[in-house]
Amino acid sequence: MNNQVKFVQGNEACAEGALYAGLDFFAGYPITPSTEIAERMSIQLPKIGGKYLQMEDEIASLAAIIGASLTGHKVMTATSGPGFSLMQEALGFAVMAEIPCVIVNVQRGGPSTGNPTHVSQGDVNQARWGTHGDHAIVALTASNHQDVFRVTVEAFNIAETYRTPVVLLFDEVVGHMREKLTIPEPGEIPLVERLKTSVRGGVDYHPYLPREDGRLPMSDFGGVHRYNVTGLFHDMWGFPTDNPKIVQGLLRHLVDKIENNSHKIAMYKEYYMEDARRILISYGSAARSALHVVENRRSRGERLGLLELQTLWPFPYNVVKERCSGARSVTVVEMNKGQIADQVKAAVDDPGKVFLANRVDGVLITPTDIRNFLRVIQGRGI
Amino acid sequence: MAIRDFLRERFFPHMWCPGCGHGIVLNNMLRAIQTLGMSKNEIAMVSGIGCSSRISGYVDFHTLHTIHGRALAFATGLKMSMPELNVIVPMGDGDALSIGGNHFIHACRRNIAMTALVMNNRIYGMTGGQFSPLSGYGTLATTAPYTNIDHGFDVVDLAISAGATFVARTTTYHAKQMADIIREAIIHDGFSVVEIMTQCPTYFGRKNKLGDASNMMEWMKDITTPVGSKAKEENPDLIERGIFVQKELPEYCSEYNKVIERAMKGRS
Amino acid sequence: MAKQKLKQHHINRDWCKGCGICVHFCPKKVLELDEEDKAVAARPEDCIACKLCELRCPDLAIEIETERSE
């Protein structure tokens, strides 16, 4: 059988990726520019016996999928900035209670109602630090529909592997643009399924005692093990405690299980990086313009390369540091006030060589914009 | 099965204050469950935040202690994903009707088969006695030192208007009735709301000079009357207790199964 | 007709917080709080095994054991 080829919006590519990954429960609330994901789910999920639930708001949407994840389902919700703001408390709950789930934020201009039908990448730091308290988070992004599909599948794999919420930070341009998507055959992309406990009924089960590899085998609600799930600091049975040793141990576990595996979670693509003397770092729809500039300059012999990030959090500091070590300049192309540029500055040996090429007016940054920034950086003026 | 078999006894004595009505709710909720002959594995309890919500930690079911006000939303996802689970959602009055008010009315509207227990002690106890949306006009609280000017909700009227298909009210004084009503609520195939008037002697009682826990229970006996009683006609200020609504309407999970059937038929 | 009559009051002193609800509502004045503010059955012979104390105990500390009497 040939792979199925479709001409779709990025939002549909995300929905298709989720279904490929085994999603069978979605709850959401309509919001531009993410709504097509919910619409797609409402059509597709009942066809496979899955459930689509339209909740009263975004808080309820994330709450509902956390509930459904506990019964063993792969779950997702999708939203945009204002809805993502509302979800932050429940996102922290999923971090604390270690609930696998995927949260899509198709970014639009903010703050507040902002620029609902226009592109932005302004929620990068919100994805990292939107919920209160120390924690680690995984956030992925993509610049084209094939990659949107792929990182969506990976989001589910990471959520299951590390028992964590994963944020998919797409943007309005990728979400609404139409282009080709080839659906991989089943099995072409490996899937991580829920790790279930092998502890039999009647034997003491510790839902929050990590195995040696750090993973936590789960028991479904409704199954033979009855345990407690809480947003409070808790012991290995899930019961609340304020014992300082246990509090510190759990917090360390929540951070370490992500940060210590950042090399495994790091997804990125390299274009013409081998001999690049100047480097662009970009992600999402901005990376499309960045790639255009790189290819154009290469055709004229200029040693310009692109490092396209797909994993934004945990930030791949080592990858960025290593790839940028010999570069004369590093220009971060993004549609915000420098949220990833700050991380790049923290990663490289010489922050002075890091520049920001950005646009924050709701319009996709163009190759011409980037070329102009490069000319200024190189001291040539526009 | 004795009700102690439903408890996680290692956490007793519980953390509630002496005389707190929440323990009476726990006591009689378990008596109701005891009569139903369900296995503990068939029951999930989902709660939010507050004194009332700590009830989930004490029972040996599948227990999910969530965030403030959102218990019904978590429970809706849990129930939809596994409709064979019996889902019970105990909430305080602030949890259910202030921060969680929106989830409350929408859960009523959907008619999803769950049991919402509103443990109404008319105060925020865990934070130290601030007025709640159920405190009522003219009461005193730590944040209403010059008397409260906020009017309260009528939980029963609200639930009925929002579409709940089982709506009842009882009190901790009427413990036997409470167990009977909770039993009916759990077996009802739709969204059930049971308001349980309960005493907070530590804050509501003390602030409003209502005496000790026993005095507060006596008071709840005096200010309530069975639904449709003559006494209500003579004294309209009396609060009715009993079952107000108990009707059959299509249940949400069953309705969604019809959606699945339609979607599968539509597929070529 | 078979009736239930009292066999024994089981009062869990570790769980009892001494709120006095059982004492207040006992129709036969069977129960008292002792010097440690724990409920005790001071006059068990008067108990009619109505179990109101058991149902209303917020600490789940009271169990009334009964036996059948003809």
**Complete:** The condition from (1) of a type in the set (A, V, I, L, M); (2) in contact (Cβ under 8 Å) with a residue 40 or more places away in the chain; (3) more than 8 Å from every other protein chain (Cβ to nearest Cβ) that A:M41 misses is numbered (2)
**Item:** Considering residues of region B:60-83 that are more than 7 Å from every other protein chain (Cβ to nearest Cβ) and surrounded by fewer than 24 Cβ atoms within 10 Å (Cβ to Cβ) only, the residue farthest from A:A63 (Cα to Cα)
**Value:** B:P83
**Matching residues in region B:30-47 - criterion: being touching a residue at least 40 places away in the same chain (Cβ under 8 Å) and more than 11 Å from chain C (Cβ to nearest Cβ)** = B:A32, B:I33, B:T35, B:L36, B:M38, B:E42, B:I43, B:A44, B:M45, B:V46, B:S47
**Asked** Given the residues C:L55, C:L60, which is the only one that is under 21 Å from B:W16 (Cα atoms) and either over 12 Å from the mean Cα position of the chain (by Cα) or assigned to a helix (DSSP H, G or I) (or both)?
**Response** C:L55
**Complete:** Among residues of region B:1-29 being facing chain C (nearest Cβ under 9 Å), in contact (Cβ under 8 Å) with a residue 60 or more places away in the chain and hydrophobic (A, V, I, L, M, F, W, C), the residue surrounded by the fewest Cβ atoms within 10 Å (Cβ to Cβ) is B:C17
**Asked** List, please: which pairs have Cβ atoms under 9 Å, are six or more places apart or on different chains, and start with a residue in region B:213-238 that is within 14 Å of another protein chain (Cβ to nearest Cβ) and closer than 18 Å to B:Q177 by Cβ and end with one that is surrounded by fewer than 16 Cβ atoms within 10 Å (Cβ to Cβ) and of a type in the set (A, V, I, L, M)?
**Response** B:M220/B:I239
**Residue tally, condition of a type in the set (G, A, S) and closer than 28 Å to A:T164 by Cβ, over region A:314-358** = 4
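Rundown of residues vs (1) modelled with pLDDT of 95 or more; (2) under 11 Å from the mean Cα position of the chain (by Cα); (3) within 12 Å of another protein chain (Cβ to nearest Cβ); (4) closer than 23 Å to C:R68 by Cβ, yes/no style:
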site: C:M1; (1), (2), (3), (4): no, no, no, yes
site: C:I11; (1), (2), (3), (4): yes, yes, no, yes
site: C:W15; (1), (2), (3), (4): yes, no, yes, no
site: C:C19; (1), (2), (3), (4): yes, no, yes, no
site: C:V30; (1), (2), (3), (4): yes, yes, no, yes
site: C:D34; (1), (2), (3), (4): yes, no, no, no
site: C:D37; (1), (2), (3), (4): yes, no, yes, no
site: C:V40; (1), (2), (3), (4): yes, yes, no, no
site: C:R43; (1), (2), (3), (4): yes, yes, no, yes
**Request:** Determine if region A:155-176 includes at least one residue that is surrounded by fewer than 20 Cβ atoms within 10 Å (Cβ to Cβ), farther than 16 Å from A:I258 by Cβ, over 20 Å from the mean Cα position of the chain (by Cα) and touching a residue at least 60 places away in the same chain (Cβ under 8 Å).
**Result:** no
**Prompt:** Which of the residues spanning region A:83-104 are facing chain B (nearest Cβ under 8 Å) and in contact with a Pro (Cβ under 7 Å, 6 or more places away or on another chain)?
**Reply:** none
**Request:** Please tell me if A:G22 is at positive phi, at pLDDT 95 or above and assigned by TED's automatic domain parsing to the domain that holds A:A78.
**Result:** yes
**Message:** Return the pair list, or none, for Cβ contacts closer than 6 Å from residues in region A:48-66 that are more than 7 Å from chain B (Cβ to nearest Cβ) to residues that are assigned to a loop (DSSP other than H, G, I, E, B), at least 6 apart or on different chains.
**Reply:** A:G50/A:D24; A:E58/A:Y29; A:E58/A:M87; A:S61/A:Y29; A:S61/A:M55; A:L62/A:M87
**Message:** Here are the criteria: (1) more than 15 Å from the chain's Cα centre (by Cα); (2) outside any helix (DSSP H, G or I). Tell me which single one A:Q146 does not satisfy.
**Reply:** (2)
**Complete:** The residue that is farthest from the other protein chains (Cβ to nearest Cβ), considering only those in region B:164-179 that are surrounded by 24 or more Cβ atoms within 10 Å (Cβ to Cβ) and part of a loop (DSSP other than H, G, I, E, B), is B:A164
**Request:** Go through C:E67, C:E35 for me and flag whichever is surrounded by fewer than 21 Cβ atoms within 10 Å (Cβ to Cβ) and touching a strand residue (DSSP E or B) at 6+ places or on another chain (Cβ under 8 Å).
**Result:** C:E67
**Request:** Output the number of the condition that A:S80 fails; it satisfies all remaining conditions of (1) crowded, with 20+ Cβ neighbours inside 10 Å; (2) of a type outside the set (A, V, I, L, M, F, W, C); (3) touching a Lys or Arg at 6+ places or on another chain (Cβ under 9 Å); (4) within 12 Å of chain B (Cβ to nearest Cβ).
**Result:** (4)
**Prompt:** Is it the case that region B:140-162 has a residue that's over 13 Å from B:E195 (Cβ atoms), of a type in the set (S, T, Y) and buried (at least 24 other Cβ atoms within 10 Å of the Cβ)?
**Reply:** no
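Where residues in region A:227-254 are among the aromatic types (F, W, Y) and either more than 9 Å from chain B (Cβ to nearest Cβ) or not in a loop (DSSP other than H, G, I, E, B) (or both), which of them is farthest from A:P314 (Cα to Cα)?
Here is the first cut: in region A:227-254, the residues among the aromatic types (F, W, Y) are A:227, A:233, A:237, A:239.
Narrowing further to those that are either more than 9 Å from chain B (Cβ to nearest Cβ) or not in a loop (DSSP other than H, G, I, E, B) (or both): A:233, A:237.
Values: A:F233: 23, A:W237: 28 Å.
Out of the qualifying residues, it is A:W237.
The values are calculated or read from the model by the stated rules, or taken from the named source; none is laboratory data. Please read all numbers here as calculations on a predicted model, not as lab measurements. With ideal geometry, Cβ positions are generated from the backbone for all residues, glycine too; neighbour counts draw on all protein chains shown.
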